[in-house]
Amino acid sequence: MAESEECCSTQVINGDGSFNDEGIDHFVKEIKLAECGLSYAVVSIMGPQSSGKSTLLNHLFHTNFREMDAFMGRSQTTKGIWIAKCAGLEPCTLVMDLEGTDGRERGEDDTAFEKQSALFALAVSDIVLINMWCHDIGREQAANKPLLKTVFQVMMRLFSPRKTTLMFVIRDKTRTPLEHLEPVLREDIQKIWDSVPKPEAHMETSLSEFFNVEVVALSSYEGKEELFKEQVANLRQRFFHSIAPGGIAGDRRGAVPASGFSFSAQHIWKVIKENKDLDLPAHKVMVATVRCEEIASEKYTSFTSNENWHSLEEAVKSGPVAGFGKKLNSILYTSLSEYDAEATYFDEGVRSAKRKHLEEKLLQLVQPAYQSMLGHLRIETLEKFKEAFDKALKGDEGFSVAACKCIKTYMASFDAGYA
């Protein structure tokens with residue numbers, strides 16, 4: 001499959017702040033995300049409007065986000081938040097393109113949406129790229145200062161933050177070597193972190209507890225296109241196996257299994273829009289509860305329509321079925337194993353509780369067939385007992401001895417059948 005064919009993108013949140021649940025569900029099915037378990041990464045990009053974010057993503061991840069046409073002047077290209085699957089990357093990597101910050105199109109409404117988007121990106125991403133102009137480093141009025149303040153303030157609202165990698169991408173690097181630019185940028189970042197008002201719990205928390213900070217520099221796309229492409233190709237290599245130990249992703253404590261991604265993202269956005277504090281561990285349990293219930297319900301429905309179960313249920317109505325227990329066990333085992341496989345990455349407590357409930361419901365469902373089988377077994381054993389007891393009485397054995405012997409034999413036979 002050509003890499004361009006592999007790319008698939010959709011709008012997650014539109015310009016007026018509505019979550020595109022149908023679009024995301026379709027996107028998730030289209031790229032078969034649910035099959036990934038925990039083996040997927042989420043990258044997002046933020047930065048000033050018209051700073052070439054979409055262009056960078058398209059070169060870096062072979063996506064097809066809409067880019068600004070330089071000849072049409074600088075204006076807002078990306079509205080809301082878009083998501084795409086990166087082409088040709090392992091593990092499966094999703095990338096989100098956020099609307100540019102400090103855009104004149106939004107006017108006064110800008111900071112509210114900017115904060116909401118930043119919080120959303122931090123809550124769902126392993127890696128956040130922060131696109132910035134080289135000439136902004138060390139400047140008091142830099143375009144990225146308000147954005148960074150927003151990012152840091154917002155991060156404080158995540159009660160137990162996952163450690164996110166912030167990768168600062170310095171655009172249009174001049175002749176100044178990176179080793180001279182990086183310390184100045186890190187100092188800028190530290191100053192912003194120190195100046196942000198912090199809640200009591202995080203007064204003494206260092207920046208490194210919340211973020212891994214990485215710095216990369218790229219030449220101008222318009223002025224030195226070939227060099228830019230070569231640098232981007234080198235940077236792309238770092239996104240392979242990003243979630244492996246030592247990879248560039250953070251610690252992934254907040255990562256939800258891929259089959260819960262769509263529901264999780266939707267809930268996070270709802271909480272952000274309602275302006276509530278976002279507690280990720282509680283969120284993980286909530287996502288697990290909803291998804292494990294859905295999985296258990298699917299498995300129960302699929303058991304009720306299982307043909308093997310129907311034939312067994314029918315057969316046992318008219319008489320005993322050889323190997324009934326083994327056959328029934330096998331069908332039950334398949335249902336529960338399928339549940340285990342699909343629920344495996346969700347919160348353990350929730351997963352086990354929902355499994356137990358599924359097992360109880362299935363046992364309740366098969367109970368009548370099981371009772372019929374026991375009834376056949378009881379009648380069959382009683383008939384055999386009568387026959388053997390009559391035979392023993394006609395022989396030389398006394399009543400008491402014959403009764404004891406036959407009872408012992410046929411109770412053992414019943415027990416064996418019952419087991």
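For region 115-147, a residue qualifies if it is in a helix (DSSP H, G or I) and either more than 25 Å from Ser242 (Cβ to Cβ) or open to solvent by 10 Å² or more (accessible area, probe 1.4 Å) (or both), and the qualifying residues are Lys115, Gln116, Val124, Cys134, His135, Asp136, Lys145, Pro146. Each residue in region 257-279 was checked for being open to solvent by less than 10 Å² (accessible area, probe 1.4 Å) and hydrophobic (A, V, I, L, M, F, W, C), and 6 pass. Residue under question is Val151, and the condition is that it be in the same structural domain as Ser54 (by the TED database), touching a residue at least 60 places away in the same chain (Cβ under 8 Å), crowded, with 19+ Cβ neighbours inside 10 Å and not in a strand (DSSP E or B); does it hold? In short, yes. Screening region 384-419 for residues that are over 59 Å from the mean Cα position of the chain (by Cα) and among the acidic types (Asp, Glu) and picking the one that is farthest from Met373 (Cα to Cα) gives Asp396. Based on this model, can you work out whether Pro320 counts as over 21 Å from Ile24 (Cα atoms) and either touching a Gly at 6+ places or on another chain (Cβ under 9 Å) or polar (S, T, N, Q) (or both)? Criteria met by Pro320.
Across region 1-58, the qualifying residues are those that are under 11 Å from Ile83 (Cβ atoms), among the polar types (S, T, N, Q) and open to solvent by 10 Å² or more (accessible area, probe 1.4 Å), and the one among them that is modelled with the highest pLDDT is Asn20. Right, Tyr345: part of a helix (DSSP H, G or I) and assigned by the TED database to the domain that holds Lys408 or not? For Tyr345, the condition - part of a helix (DSSP H, G or I) and assigned by the TED database to the domain that holds Lys408 - is not met.
Matching residues to (1) at pLDDT 95 or above; (2) hydroxyl-bearing (Ser, Thr, Tyr); (3) closer than 26 Å to Thr63 by Cβ:
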| residue | (1), (2), (3) |
| --- | --- |
| Glu226 | no, no, yes |
| Phe239 | yes, no, yes |
| Leu278 | no, no, no |
| Thr301 | yes, yes, no |
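Restricting Arg186, Arg175 to those that are in a loop (DSSP other than H, G, I, E, B) and open to solvent by 50 Å² or more (accessible area, probe 1.4 Å) reduces the list to Arg175. Can you tell me which residue in region 385-419 is farthest from Glu313 (Cα to Cα), limited to those that are among the aromatic types (Phe, Trp, Tyr) and open to solvent by less than 80 Å² (accessible area, probe 1.4 Å)? Per the stated criteria, the residue is Phe389.
State yes or no: is Lys299 open to solvent by less than 60 Å² (accessible area, probe 1.4 Å) and either outside the structural domain of Phe168 (by the TED database) or not in a helix (DSSP H, G or I) (or both)? When the stated conditions are applied, Lys299 passes them. Inspection of region 66-80 finds no residue satisfying the criterion of being at pLDDT 90 or above, open to solvent by less than 60 Å² (accessible area, probe 1.4 Å) and either out of contact with any strand residue (DSSP E or B) (no Cβ under 7 Å at 6 or more places or on another chain) or in the same structural domain as Phe168 (by the TED database) (or both). Residue count for region 374-384, restricted to those that are closer than 14 Å to Ala416 by Cβ and open to solvent by less than 90 Å² (accessible area, probe 1.4 Å): 4. Checked against (1) farther than 30 Å from Gly37 by Cα; (2) small (Gly, Ala, Ser); (3) surrounded by 12 or more Cβ atoms within 10 Å (Cβ to Cβ), Ala353 passes all but condition (1).
Within region 212-226, does at least one residue satisfy the condition of being within 17 Å of Leu178 (Cβ to Cβ), assigned to a helix (DSSP H, G or I) and open to solvent by less than 20 Å² (accessible area, probe 1.4 Å)? Looking for residues that are within 17 Å of Leu178 (Cβ to Cβ), assigned to a helix (DSSP H, G or I) and open to solvent by less than 20 Å² (accessible area, probe 1.4 Å), one finds none in region 212-226, hence no.
The values are calculated or read from the model by the stated rules, or taken from the named source; none is laboratory data. Only a predicted model underlies this, so the values are computations on that prediction, with no experimental measurement involved. All Cβ positions, even for glycine, are placed from backbone atoms using ideal geometry, and neighbour counts span all protein chains on display. Accessible surface areas use protein heavy atoms only, side chains included; no ligands, DNA or RNA. Shrake-Rupley method; radii C 1.70, N 1.55, O 1.52, S 1.80 Å.
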